[in-house]
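Structure first, then comments.
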Amino acid sequence: MKKWYLRVEGSKQSEKPKKSTLRSTQMYTGLCCSVILSLLFISACSPNTASENSLPNVNASDAKDIEENIKNSYARLAAKRPDVCPKLLQKNVDDDTIVRTAEVMISNYCDYYLYPERGQSINIDINTDQIETLLIVPTMHNFANGSYQVESYDKHVIRLNYVGVTHKPERLSYDVNITITS
């Protein structure tokens, strides 16, 4: 059954929109949305997007330098606390000995970072025989065998390692003197 609309002259009755007009509007909107989504998908999959591998002027040695600077910044802050390791140590200009008293070892070892000059000698004195003093970077050296002669200006890592016969206390307190002479 068809509905007939009677149009009366002088009245402002509106006609219903045709179904074909609605369908074309819906198709146009759907087509626009699909084109936009397709463009977004293609741009997301494009190889020209920024990634870790496409950072400008960054190579493996720069990344290692950045990582080393972060470690040293953390170690510089840790040097102000007795119970945080690793620590970056610097000697005073007029003094050859770095004195660290009432240090606290929480884990089984604590690392100390130093940057001595070439030709200097490093010696370590510690107030307990439960801790072993080792140089682990740039080479291995046990300070029980004597002082170490620095061969290059580089980062030197001194490791104080717990070697006691009994179970290590939760917080082992110790004093350490690191002497750097020319």
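The values are calculated or read from the model by the stated rules, or taken from the named source; none is laboratory data. These numbers were taken from a predicted model, which means no experiment stands behind them. Reconstructed Cβ throughout: ideal geometry from the backbone, glycine too, with neighbour counts over all protein chains shown. Just the protein is used for accessible areas: all its heavy atoms, side chains included, with ligands, DNA and RNA removed. Shrake-Rupley method; radii C 1.70, N 1.55, O 1.52, S 1.80 Å.
Values for this structure:
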{"item": "Label-to-label distance, nm, for residues given as residue 125 and residue 154 (7 Å Cα→Cβ offset)", "result": "3.0 nm"}
{"item": "Sulfur and carbon atoms: percent of accessible area, the range 71-167 [1.4 Å]", "result": "47 percent"}
{"item": "Distance (nanometres) between label positions extended 7 Å along Cα→Cβ at residue 165 and residue 144", "result": "1.4 nm"}
{"item": "Relative contact order of the range 63-137, pairs being alpha-carbon contacts under 8 Å that are 6 or more residues apart, as %", "result": "23 percent"}
{"item": "Residue-normalised accessible area of the range 102-175, given per residue in Å² at a 1.4 Å probe", "result": "55 Å²"}
{"item": "Spin-label proximity, residue 76 to the range 82-111 - amide N less than 14 Å from point 7 Å beyond Cα toward beta carbon", "result": "87-91"}
